[in-house]
Structure formats: C-alpha cells, structure tokens
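Undergrad: Pasting a structure here, questions to come.
The values are calculated or read from the model by the stated rules, or taken from the named source; none is laboratory data. Given the structure is predicted, the values throughout are model-derived calculations rather than measurements. All Cβ positions, glycine included, derive from the backbone under ideal geometry; neighbour counts span all protein chains shown.
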Protein chains: 2
Amino acid sequence: MLDVARVAQVSIATVSAFVNGSANVSPAATQRIEGAIRTVGYQRNAVARSLKLGRTHTVGLTVPHITNPFFTEVVSVITQAFDRAGYAVMLFCTDEHLSNQDEQIRLLLERMVDGLIVARVGEDERFRSIVGATKAPFVLIDRLCEGVDADAVVLDNRTAVAEAVGYLTGLGHRRIAYVAGGTGISTMQERAAGYRAALEEAGLAFDPALVRLGDFHEMDGYAAAMQLMTLPDRPTAVFSANNPMVVGVMKALRDLGLNCPKDVSVACFDDFPFADVFHPQMTTVRQPVQAIGEQATALLLERIAGTAASEPRRLTLRGRLMIRGSCAPPSGWAAQSA
Amino acid sequence: MLDVARVAQVSIATVSAFVNGSANVSPAATQRIEGAIRTVGYQRNAVARSLKLGRTHTVGLTVPHITNPFFTEVVSVITQAFDRAGYAVMLFCTDEHLSNQDEQIRLLLERMVDGLIVARVGEDERFRSIVGATKAPFVLIDRLCEGVDADAVVLDNRTAVAEAVGYLTGLGHRRIAYVAGGTGISTMQERAAGYRAALEEAGLAFDPALVRLGDFHEMDGYAAAMQLMTLPDRPTAVFSANNPMVVGVMKALRDLGLNCPKDVSVACFDDFPFADVFHPQMTTVRQPVQAIGEQATALLLERIAGTAASEPRRLTLRGRLMIRGSCAPPSGWAAQSA
DNA sequence: TTGTAGGCGTTATCAC
DNA sequence: GTGATAACGCCTACAA
C-alpha cells in the first residue's frame, strides 16, 4: 500500500480511502491509484486489516468426521453459505477425539475467528470451560452441551428414531435390535430414548440383549451385527443410530449369508447419496442438512453482527423417514397375524 | 499481553519471551507470568503475530465439490495432515464454477495464507495469471494446469481408465459406452484417452454414439444412460469417468428395468465407501486418496519451509481397479465365443 | 535476565 | 479531498 501510494503520488491514507470507498477521492487520484495498484500488483493484506479492525471475517468449523455423509453435507452447506457472505471457514475434524477438539478450538480462537460452529465431541465439562473463557460466539450443531447457553440447531432425535422404529413395529417386528455409538453424547441419548419410546408404544419389552453400543466405527457395527445375528433368538430387524455403523451391519449380513430385507430388515439414521441407488435401497432417517447448515450460518452471522437477541436461540428441526426397500414384514409374520 | 505484563509486573518483552520460550526467564518471573496469564485469561493473538512474522500458519484448500466422495476423502486427509503440522486450513468449494474459484483464491491470498492446495476448475488462462501474480506456493491436486509450473500430485488417469475398460473388453464386451463430464479438464482428457486406448488395444472401433459428455452431475449421468440404453444397438457395458454421474446411470438402469450386471455391466471412476456394501457391488477405479492428500501436504509444507528444490515436482500416482460384482460377460457372449 | 523502542500493513482521527 | 499520525498486538534487536 505504501508502494501504491508512492507510485500514485498520493498519501497512503488516500489509497486506503480509495480501496475501502470510505471517503471521496478525486477522479485524478482515483485514476493514478488504480494504475498504481495494477503496476505494483497490490493486494490488500487482510491480516493487518484484521488486526486493526478486530474482525477477521473468518469462522471456525469443527466436526467429528467429515467422511460421515451427514457431516459431509452439512460442511458443504456451511462453507458455501459463509462463502456467499464473504467469510472464510477454517475446517477441523476432531475425529471424535477430545484432545483434538480442545487443541483445534484453541488454535481457532488464537487466530481470532469471528465465531465458531461446533459439532461437539466428548465430555461437557471441558467444552464448557472453553466456551466460558472466550467472547467469540459459538453455534452448536447436531449435539448440545448441557450447561452451555449457546445458539444451537439440532434435530428432534427422539421423535425421529421413534418414528423409524415405530415403522418397524408397524411392519410387525417384535425383536428389533438397536446399534449405536458414543453414549456420552446428547444425540445418542435422545435416539436411544426414541427407540425405547417406540418399543413401549408398541407394547414391546425392552431387551438389553438387543442393544449394542460401539464406537461409531464400521467395524463396531460389524461386530454388533455378528453378535446379534448369531443370537439364539435373533432379531428380525436392526436399527442403526448412525451411518458408519450400518455399513458394518450390512457387511455382517452379507458375510452371514442373510438377505435384507427378506431375512432381516435394516434401517438407519442419516441418509446418504447412494441410499436409493443400490439394493437394498436403504430406509433411513434423513436430517434436513440444508436447513441445519443454513440456519447455523445465519445464527452465527447474526451473532457476529450483534443483531441477535442476547438470549441463546435453540432451533430444533425434524427428521424425515425415507421409506425405501430395506425393511419388510418379518418372515412368518403373515402366518402369525392370520 | 500488555495486561499480563502489568499484572506480572514485568515488561511485555519478558512475557513474549516466556510465551515463545525464546529467552531465559527467571523462575520468579515465570511464576508471576503464568499466574497473570491465568488471571487475565490471556491467549496469544495469532493475527498480530502473523502480521509481524509474515507467516499465518494457515493454508487454503479449494475443491470442486466436497460431496464428491473422492474429494471428501482427500479433504479429510489433507485437513488432518495439516492439523498435525499445526496448520489451519481454510476450505472452499468452487462448485465447478470459475468465478467462484477466482474470488475464493483472491480471498485466500488476501488472508495471507502460507500456501494453497487447489483442485482446479475451468480454463487455464485465468488460473495461470492468478498463480503468476502471487508468491504464495501452490500445489495442484487431481487436475493439472498447462503452463503452470507448480508442484502437483495427480493420477495416471489414462492408464487407470485403460485398465478398467480393458477389463471390460476382456470380459467380452464389444460395445462399451463412456460417460463423462467437463472436457476442458486435464483429468477428463486423459481418461478419454485411456478409453480410446483400451478400445484400440482390443481391436474395437471408437463409436462416437457411445460417448456421452455431460456436466458432472447425477442428472447428466441419468440422461446419458437413458439415451444410451434406448439406442437400437445398445451398449453392453458403460464406464463412467466420474462418480456423481454413475449414480444417474444406475438410476436410469433401474427405471429402465435393466439389471446390472446381467443386462449391462457398469464400472466407474472413483471408489466410494458404500461400493462394496450393496448390490451390485460396484467395480471402480480407486485413487490412492491417502497418498494424494499426504503427498500434497508434504509438498506444500516443504515449499513453505523453503526446503524444496526450486523446480516444480510432479507426482503421478497409480489408480487401482477394484473388481467387484457390477461387471459380467455380456449376455450371449459365451455362445458367440463357443 | 529484563526493558525500551521500532515496525509489520491497515484504518481512523484529525488537521489542512 | 488529502495527508500526517497514532494505534491494533506482537516480536526482535539492542541496551541496560
């Protein structure tokens, strides 16, 4: 900018005024400055600008796994939404790992991001202290954090799972297995509650033997399904509360020579692009990814702009059951009901 | 930091020395500073630090679509690799849109990123001028750019496609359709060349009627397959040069009541997590995503550190044909060859 | 071992 | 309309 000023034979203040349109600059000076900018190849330094202005026009985004199709889509929506607003987003994957998250948020805060969108992982306590120590606005997505009064956009997980499991009971299933990960997370507790609610609704007893809790990974789903399907009285349906695990479940069925949906019905949480392309076409609970991403972005942008009411806002969206081909009445069911 | 210095009753320079471990600080001062840091909740300001040091410890990453499973995985690997190196990465999706890319790179450069990894989109000319105008190091992934001497890590697309199509001819297919997007991109030209090479190798004539060029989208793949499969002499196999389009292809087959692989064999470029979970299990060309991401990161990091030789390095990796269930000999083939 | 001072590139506040 | 000049928060000689 100093160079530009020299070449254009004006003061650096005038160049700044021109670049930001903050004051009227004479046509003559304008022309000289424009020329000078081109000749020196000037580009304004956002770092210096941020230091002075106290805003970076950058936000942080942390998610557990970007390869989880739900997060892939949410990240996609969020990055594009912020892009449109002229913001850059720094992305981090916590890999469901607590220490990663702490360090990444520290890094982000140190870089003076204007705000953060966080799909939290791990215990509430540590996260709470981090949030408490900063003035940067947070928006929680997917997972809440008890005791943290931040804006949030989440799903009504309980209802969503209840609907899906209710669909299975409606089909006639009486032994419905439940496969999930990470018990310490709000999302998972709600989903488990939805499972139990649907069972109760159908007058079915909750059987702990049909519940398998793993660690979000495909192999956990595989192991879970292997155990479940070799039970003496094996379940006729399985609901996976997350997407990576259902992959393992399907592979287990394949290795066991079990056909879906003929031998066992399967449904899972989180839709994915290939869900209706191959066989069986998967019945899933679809989250409104577009809305989640856009609302979270809007919430954070308002917070940054300071136009938001001071009390935290909590948006709870509804999932949608995508009924496809992976669920059928249990074999022998027609006979029973006849 | 000024506050910390005041509370600890030392100079700001001493605090800086302590924070960076750049000089010996007396135990007494250390203790007072540590206490002061806690009481004022000090966190170092990376923006000011960057301004002074001229390095942001931040890199930019732009890809066409993060929802394309290939890019999802590459982005995942790259973000984690930079994370380990203490770097933040700013992510942008160009959405295959030229003006987006220009603007995003401008934004990134303005933010003084230490370097960029770019999966380029669009014409070479504009990209070339952008690259030429900056001193920030670039690393190209997936797609090269003629006339740009930047580091790059790409795939041997020609060989990879030739192998896949060769597999189809080996199965006995004589009419193999080719579905692809974006002709202006190095990747796509190489893949098309691989297709023709395999045909030639098998002594098959190139038939323009079997080639459908769309725009990377699922619906383009759908339209292409609809046209191809209603041809009087329809192909017995189709190879999709990208992943989104093959989804459309499969949906078209389904809507046409055509079975894969019985009626028509399908293979495509880019592997995806669900490829071997459902039926048909998709035969794909798998790119070494892990290696691509890690090599690109290493290249950029070396460039940033200044430890790299000045001439640009070009890494060309090999794809791997993942043979699964979506390809079979054409119906009637056994009879013909007998 | 510790302190003082200058400057990184901007923007904002004044005078002129 | 334009130009000095003082911050923004940090780092780094250099001096003490």
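For every residue, the table says whether it meets (1) within 10 Å of DNA strand D (Cβ to nearest atom); (2) assigned to a helix (DSSP H, G or I).
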residue: B:Val25; (1), (2): no, no
residue: B:Ala28; (1), (2): no, yes
residue: B:Ile33; (1), (2): no, yes
residue: B:Ala36; (1), (2): no, yes
residue: B:Gln43; (1), (2): yes, no
residue: B:Arg49; (1), (2): yes, yes
residue: B:Thr67; (1), (2): no, no
residue: B:Val74; (1), (2): no, yes
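Undergrad: I'm told A:Asp233 meets every condition in (1) buried (at least 21 other Cβ atoms within 10 Å of the Cβ); (2) touching a residue at least 12 places away in the same chain (Cβ under 8 Å) except one. Can you identify the failing condition by its number?
TA: (1)
Undergrad: Which of the residues that make up the range B:258-283 are within 14 Å of chain A (Cβ to nearest Cβ) and without any contact (Cβ under 8 Å) to a residue 60 or more places away in the chain? Write out each step before concluding.
TA: As a first pass, look at the range B:258-283 and keep what is within 14 Å of chain A (Cβ to nearest Cβ): B:258-262, B:266, B:268, B:270-283.
Result: B:Leu258, B:Asn259, B:Cys268, B:Phe274, B:Ala275, B:Asp276, B:Val277, B:Phe278, B:His279, B:Pro280, B:Gln281, B:Met282.
Undergrad: Pick from A:Arg55, A:Arg44, A:Arg38, A:Arg49: which is surrounded by fewer than 18 Cβ atoms within 10 Å (Cβ to Cβ) and either in contact with a strand residue (DSSP E or B) (Cβ under 7 Å, 6 or more places away or on another chain) or closer than 26 Å to A:Ile117 by Cβ (or both)?
TA: On the way: A:Arg44 fails: either in contact with a strand residue (DSSP E or B) (Cβ under 7 Å, 6 or more places away or on another chain) or closer than 26 Å to A:Ile117 by Cβ (or both); A:Arg38 fails: either in contact with a strand residue (DSSP E or B) (Cβ under 7 Å, 6 or more places away or on another chain) or closer than 26 Å to A:Ile117 by Cβ (or both); A:Arg49 fails: surrounded by fewer than 18 Cβ atoms within 10 Å (Cβ to Cβ).
Answer to the selection: A:Arg55.
Undergrad: To continue, here is another question. Touching a residue at least 12 places away in the same chain (Cβ under 8 Å), surrounded by fewer than 21 Cβ atoms within 10 Å (Cβ to Cβ) and within 14 Å of chain B (Cβ to nearest Cβ), is that true of A:Val7? Walk me through it before giving the result.
TA: Numbers: touching a residue at least 12 places away in the same chain (Cβ under 8 Å): yes; surrounded by fewer than 21 Cβ atoms within 10 Å (Cβ to Cβ): yes; within 14 Å of chain B (Cβ to nearest Cβ): no.
Considered against the rule, which asks whether it is touching a residue at least 12 places away in the same chain (Cβ under 8 Å), surrounded by fewer than 21 Cβ atoms within 10 Å (Cβ to Cβ) and within 14 Å of chain B (Cβ to nearest Cβ), A:Val7 comes out as no.
Undergrad: Give the range B:76-112 a look and list any residue that's in a loop (DSSP other than H, G, I, E, B) and within 30 Å of B:Asp215 (Cβ to Cβ), or say none.
TA: Within the range B:76-112, B:Thr94, B:Asp95, B:Glu96, B:His97 qualify.
Undergrad: Could you list, in sequence order, all residues of the range B:88-104 that are at the interface with another protein chain (Cβ under 10 Å from one of its Cβ atoms), surrounded by fewer than 22 Cβ atoms within 10 Å (Cβ to Cβ) and touching a residue at least 24 places away in the same chain (Cβ under 8 Å)?
TA: Applying the first criterion (at the interface with another protein chain (Cβ under 10 Å from one of its Cβ atoms)) to the range B:88-104 yields B:88-95, B:100, B:103-104.
Narrowing further to those that are surrounded by fewer than 22 Cβ atoms within 10 Å (Cβ to Cβ): B:95, B:100, B:103.
Residue satisfying the conditions is B:Asp95 alone.
Undergrad: Starting from residues that are surrounded by 13 or more Cβ atoms within 10 Å (Cβ to Cβ) and among the small types (Gly, Ala, Ser), keep the ones in the range A:14-23 and report whichever is farthest from DNA strand D (Cβ to nearest atom).
TA: The initial filter retains those residues of the range A:14-23 that are surrounded by 13 or more Cβ atoms within 10 Å (Cβ to Cβ), namely A:14-19.
Now narrow it down to the ones that are among the small types (Gly, Ala, Ser): A:16-17.
Numbers: A:Ser16: 8, A:Ala17: 6 Å.
Only one residue fits best here, namely A:Ser16.
Undergrad: Let me ask another. Of all residues in the range A:294-315 being surrounded by 14 or more Cβ atoms within 10 Å (Cβ to Cβ) and β-branched (Val, Ile, Thr), which is nearest to the chain's Cα centre (by Cα)? If you could, list the steps in order and put the result at the bottom.
TA: If we filter the range A:294-315 for residues that are surrounded by 14 or more Cβ atoms within 10 Å (Cβ to Cβ), which is where we start, we get A:294-304, A:308, A:312-315.
Checking which are β-branched (Val, Ile, Thr) leaves us with A:297, A:304.
Values: A:Thr297: 12, A:Ile304: 21 Å.
Selected residue: A:Thr297.
Undergrad: For the range B:119-164, which positions are of a type in the set (D, E, K, R) and either part of a helix (DSSP H, G or I) or closer than 28 Å to B:Thr56 by Cβ (or both)?
TA: First, pick out the residues of the range B:119-164 that are of a type in the set (D, E, K, R): B:120, B:123-126, B:128, B:135, B:142-143, B:146, B:149, B:151, B:156, B:158, B:163.
Correct list: B:Arg120, B:Asp124, B:Glu125, B:Arg126, B:Arg128, B:Lys135, B:Asp142, B:Arg143, B:Asp149, B:Asp151, B:Arg158, B:Glu163.
Undergrad: Next up: Residue under question is A:Ala13, and the condition is that it be of a type outside the set (Asp, Glu), under 44 Å from the mean Cα position of the chain (by Cα), near DNA strand C (Cβ under 7 Å from one of its atoms) and part of a helix (DSSP H, G or I); does it hold? Break it down into steps so the answer makes sense when it comes.
TA: Values: of a type outside the set (Asp, Glu): yes; under 44 Å from the mean Cα position of the chain (by Cα): no; near DNA strand C (Cβ under 7 Å from one of its atoms): yes; part of a helix (DSSP H, G or I): yes.
No: the conditions fail for A:Ala13.
Undergrad: Where the second residue is loosely packed, with under 15 Cβ neighbours inside 10 Å and the first is at the interface with chain A (Cβ under 10 Å from one of its Cβ atoms) and lies in the range B:34-52, which pairs have Cβ atoms under 7 Å and are six or more apart or on separate chains?
TA: Sorted first by the residue in the range B:34-52, then by its partner, the pairs are B:Gly41/A:Ala133.
Undergrad: Please go through (1) touching a helix residue (DSSP H, G or I) at 6+ places or on another chain (Cβ under 8 Å); (2) within 16 Å of B:Ala160 (Cα to Cα); (3) of a type outside the set (S, T, N, Q) for B:Glu200 and return the number of the only condition it doesn't satisfy.
TA: For B:Glu200, the exception is condition (1).
Undergrad: Restricting to the range B:163-205, name every residue that is among the polar types (S, T, N, Q), surrounded by 17 or more Cβ atoms within 10 Å (Cβ to Cβ) and more than 18 Å from B:Arg234 (Cα to Cα).
TA: Correct list: B:Ser186, B:Thr187.
Undergrad: Failed condition for A:Leu107, given (1) within 16 Å of DNA strand C (Cβ to nearest atom); (2) at pLDDT 95 or above; (3) within 27 Å of B:Lys135 (Cα to Cα); (4) buried (at least 18 other Cβ atoms within 10 Å of the Cβ), with all others met?
TA: Every listed condition holds for A:Leu107 apart from (1).
Undergrad: Let me ask you something else. Mind listing whichever residues of the range B:284-293 are more than 13 Å from every other protein chain (Cβ to nearest Cβ) and buried (at least 17 other Cβ atoms within 10 Å of the Cβ)?
TA: Hits for the range B:284-293 are B:Val285, B:Gln287, B:Ile292.
Undergrad: Then there is this: Among the residues of the range A:132-152, which ones are farther than 12 Å from A:Thr187 by Cβ and in contact with a Gly (Cβ under 9 Å, 6 or more places away or on another chain)?
TA: Residues satisfying the conditions are A:Ala133, A:Thr134, A:Ala136, A:Pro137, A:Phe138, A:Val139, A:Val148.
Undergrad: Follow-up. Can you pull out every residue in the range A:316-330 that is hydrophobic (A, V, I, L, M, F, W, C) and either closer than 21 Å to A:Val63 by Cβ or loosely packed, with under 14 Cβ neighbours inside 10 Å (or both)? Break it down stepwise before answering.
TA: First pass over the range A:316-330, keeping only residues hydrophobic (A, V, I, L, M, F, W, C): A:317, A:321-323, A:327-328.
Matches in the range A:316-330: A:Leu317, A:Ile323.
Undergrad: Could you please find all residues in the range B:10-33 being under 23 Å from A:Met112 (Cβ atoms), modelled with pLDDT of 90 or more and away from chain A (no Cβ under 14 Å)?
TA: B:Ile12, B:Ala13, B:Val15, B:Ser16, B:Ala17, B:Phe18, B:Ile33
Undergrad: Right, here's the next one. Is it true that A:Glu294 is among the acidic types (Asp, Glu) and part of a helix (DSSP H, G or I)? It would help to see each step written out before you state the result.
TA: Numbers: among the acidic types (Asp, Glu): yes; part of a helix (DSSP H, G or I): yes.
Considered against the rule, which asks whether it is among the acidic types (Asp, Glu) and part of a helix (DSSP H, G or I), A:Glu294 comes out as yes.
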